[in-house]
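Got a structure here, written out as structure tokens. Questions coming.
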Amino acid sequence: MVDILIIGSGGAGLSSALSAKQHGATVKVISKAYPTASQTSMAQGGINASLGNVTPDSTTSHIEDTIKSAHGLCDKEMVRWMCEDASSTIAWLERLGVPFDRTPNSKIAQRQLGGASSKRACYAQDYTGLKILHTLYDNCLKEGIEMIEEYMLLNLIVEEKVVLGATFLDIVRGEVQEIRANATIIATGGYGAIYKNFTTNSEGATGDGVASILRAGGELSDMEFVQFHPTALKGSSILISESARGEGGYLVNSKGKRFIDELLSRDIVARAIASQIAQGEEVFLDVRHLGEEKLLKLMPQEVHLCKLHEGIDPATEIIPIKPVAHYTMGGIDVNSHLEVSKLKNCYAVGECSNAKLHGANRLGGNSLLEIVSLGRVAGKNAVEFLSQYTNKTESSTQLKADQDYIDELFEEYPWELNFYDLQNELGEKFYNHVGIVRDNNQLNNTLNELRVIKASLDDMGIGDKNRENNSNLVEFLQFINMLEIGEVVIDSALIRDESRGAHFKEAFPNEEDKIYKAHSIFWIEDNALQNRLLKVTV
């Protein structure tokens with residue numbers, strides 16, 4: 001029996017693991033892939049902290065920028081705490097060994113990202129998330145924290161609303177296993193992969209942890225708020241960091257005209273680009289004036305990605321771009337202790353969690369801050385509350401149910417529908433109809449199509465019947481999670497007849513505080529999806 005089971009090995013999971021270990025707990029980290037494949041490693045621009053190393057700044061300004069970006073749907077106390085903790089988070093990362101870039105006087109270098117009132121994002125070239133992730137991983141290994149890779153989360157083990165661990169698919173062996181724990185932390189990342197082929201996220205960002213909480217009786221909130229990053233490569237949807245605009249890059253249309261202030265918040269810039277594209281224009285990122293030397297020093301990854309995936313040299317050519325799904329503000333509803341709503345002994349942190357920090361639109365640079373700062377809190381809280389519950393050791397009914405289901409998938413039966421084709425079609429429909437600009441008729445049509453697909457799951461299955469290392473099985477299980485999550489995203493968008501941050505409806509272009517200054521809450525009751533709006537308290 002382990003004290004703390006952490007599901008997910010990105011920045012949030014590893015920060016939680018180090019914190020829990022520091023507070024005396026035994027820790028086990030489980031992940032579907034290897035830590036270095038986590039979404040954290042793809043974060044490029046920087047991590048916010050009001051250090052004032054380059055331009056004047058203050059914690060108050062950081063708080064104000066975050067609240068403004070959130071459009072009123074944040075917990076101001078949670079925002080205040082995170083922003084006040086930012087400098088100590090950076091100091092902690094420094095002590096662990098994160099190689100931040102430096103100013104000429106050896107202070108941590110900082111750059112300005114969209115929506116920020118000053119140069120606040122601490123960075124390591126354009127590999128900030130990767131270098132943070134590698135440093136956390138190295139320190140977990142040094143601490144002897146047990147890690148198990150290639151275990152996919154199936155379901156939580158729940159008895160009387162208390163989470164006692166989880167079941168997993170051992171991908172290498174093709175077997176279902178259960179792991180019991182005295183407390184569980186979900187750190188499985190977001191659900192951006194529902195926008196398949198139109199997202200900066202990895203193939204594994206399928207909302208596994210979010211879906212498991214929904215099935216276990218927990219609540220999800222604010223799932224309609226999906227942030228579209230303004231600048232992804234047009235052909236591949238690969239992210240070009242906001243640092244490119246923070247360092248002075250321009251956005252221009254086919255006529256060479258700049259049409260938006262590049263450092264406005266992401267929701268505004270993404271809609272401006274989408275509008276240009278809708279008018280028949282192409283949109284480009286122009287960084288030629290920065291010069292090759294500066295580009296290679298500050299943004300070597302961007303230069304490489306442009307050459308590799310678009311055949312473009314950013315030092316001499318403009319970069320064709322488009323906005324794509326990037327970050328999910330909503331997720332598992334948690335309280336101020338990061339404990340999952342309606343469940344006990346279970347915590348959620350990082351992009352899978354909605355700690356009411358980002359509201360309707362996340363401020364650039366706050367995602368890395370959240371996963372490290374709140375990750376440390378999640379680990380600490382899980383240890384402090386360990387004595388509240390006792391865990392039983394007998395095998396669960398959940399294990400047997402999941403074993404039976406996986407066994408059924410390996411049995412021979414007609415495979416009438418190809419879920420891969422459906423997944424690609426659904427990804428495009430989400431991008432076009434549940435994307436930057438939304439319409440209720442299109443949302444309803446997409447929801448109906450998704451529900452038809454869900455009802456047809458029995459006509460789908462896996463063609464590969466080998467037990468070991470079966471990626472076909474993993475992808476089918478991910479597809480099921482994506483359908484469950486996608487339904488909540490569309491339902492959430494339908495009930496919010498206003499425009500707020502990343503959620504924009506042309507028919508309802510204004511913010512309506514009297515009704516919709518509220519969190520959308522979803523849960524399952526009597527096998528049906530339920531919802532309500534929970535007003536934000538000032």
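What follows draws every value from the coordinates through simple rules; no lab data is involved. If you're wondering where the values come from, they're calculated on a predicted model, not measured in any experiment. A quick note on method: Cβ atoms are made from the backbone with ideal geometry, for glycine too, and the neighbour counts reach across all protein chains shown.
Beyond 27 Å, how much of the Cα-Cα pair distribution for region 408-535 remains, as a whole percent?
Details: 2545 of 8128 pairs.
Tail of P(r) above 27 Å: 31 percent of Cα pairs.
Which helices of the chain meet both criteria: a Cα extent of 27 Å or more along the helical axis and a mean Kyte-Doolittle score no lower than -0.5, with helices taken as whole DSSP H segments? Could you put the intermediate results ahead of the total?
Numbers: long enough: 76-96 (29 Å, -0.23); 471-495 (36 Å, 1.14).
TM-like helix candidates: 76-96, 471-495.
Separation between the Thr397 and Lys465 pseudo-spin-labels, each 7 Å from Cα along Cα→Cβ, expressed in nm?
3.2
Considering only DSSP beta bridges whose two residues both sit in the chain, what percent are antiparallel, to the nearest 5?
Numbers: 49 of 70 bridges.
Of the beta bridges lying entirely in the chain, close to 70 percent run antiparallel.
What is the calculated FRET efficiency for Glu506 to Asp421, with r their C-beta to C-beta distance and R₀ = 30 Å, to the nearest 0.05? Walk me through the numbers before you get to the answer.
Values: r = 31 Å, r/R0 = 1.02.
Approximately 0.45, to the nearest 0.05.
Another question, if that's okay. Between Asp313 and Glu94, what FRET efficiency comes out of the Förster formula 1/(1 + (r/R0)^6) with R0 = 25 Å and r the beta carbon distance, rounded to 0.05?
Details: r = 35 Å, r/R0 = 1.39.
Taking R0 as 25 Å, the efficiency between Glu94 and Asp313 is 0.10.
Starting from the Cα of Asp101, step 7 Å along the direction of its Cβ; do the same at Lys76; then give the gap between the two resulting points in nm.
If labels sit at Asp101 and Lys76, their model points lie 3.5 nm apart.
Sticking with this one: Using only Cα atoms, what is the ratio of the radius of gyration of region 204-271 to 2.2 N^0.38 Å? Walk me through the numbers before you get to the answer.
Values: Rg = 16.9 Å, N = 68, 2.2 N^0.38 = 10.9 Å.
Against the compact-globule rule of thumb, the ratio is 1.54.
What are the extents of the Cα atoms of region 395-471 along their three principal axes, listed from largest to smallest and rounded to whole Å?
Ordered largest first, region 395-471 gives principal extents of 46, 28, 22 Å.
Which distance in nm do the two modelled labels at Ser254 and Glu282 give, with both placed 7 Å along the Cα-to-Cβ direction?
Each label point lies 7 Å from its Cα, and together they span 0.9 nm.
Also, quick follow-up: In the structure displayed, which of Lys119/Lys356; Lys28/Lys342; Lys196/Lys255 lie more than 27 Å apart, Cα to Cα? Before the final figure, lay out each step's value.
Values: Lys119/Lys356 24 Å; Lys28/Lys342 24 Å; Lys196/Lys255 31 Å.
Too far apart for the 27 Å limit: Lys196/Lys255.
Calculate, in whole percent, how much of the Cα-Cα pair population of the chain lies beyond 47 Å.
Working: 9857 of 144453 pairs.
Of all Cα-Cα distances in the chain, 7 percent exceed 47 Å.
Calculate, in nm to one decimal, what Tyr413 and Asn445 gain on full extension: separation in residues at 0.36 nm each, minus their alpha carbon distance.
Length gained between Tyr413 and Asn445: 8.4 nm.
Also, I was wondering about something else. Per 5 Å bin from zero, what fraction in whole % of the C-alpha pairs of region 230-325 is there, up to the bin with the longest pair?
Histogram of Cα-Cα distances, whole percents per bin: 3, 15, 28, 27, 19, 7, 1, 0.
Quote the relative contact order of region 230-325 in percent (integer), defining contacts as alpha-carbon pairs under 8 Å separated by 6+ residues.
On the way: 142 pairs, mean separation 37.8, N = 96.
In percent, rounded to a whole number, it is 39.
Then there's this: When only Cα pairs under 8 Å and 6 or more residues apart are kept, what is the percent relative contact order across the chain?
Working: 1237 pairs, mean separation 115.2, N = 538.
Computed value for the chain: 21 percent relative contact order.
Let me see the P(r) profile for region 446-490: every Cα-Cα distance counted, bins of 5 Å, each bin given as a percent of all pairs.
Final binned percentages: 5, 21, 27, 20, 14, 8, 4, 0.
So if we plug the beta-carbon distance of Glu146 and Ser387 into 1/(1 + (r/R0)^6) with R0 = 25 Å, what FRET efficiency do we get, rounded to 0.05? Please list the in-between numbers first.
Values: r = 22 Å, r/R0 = 0.89.
So the FRET efficiency works out to roughly 0.65.
Any idea how far the Cα center of region 301-356 sits from the one of region 443-475, in Å?
25
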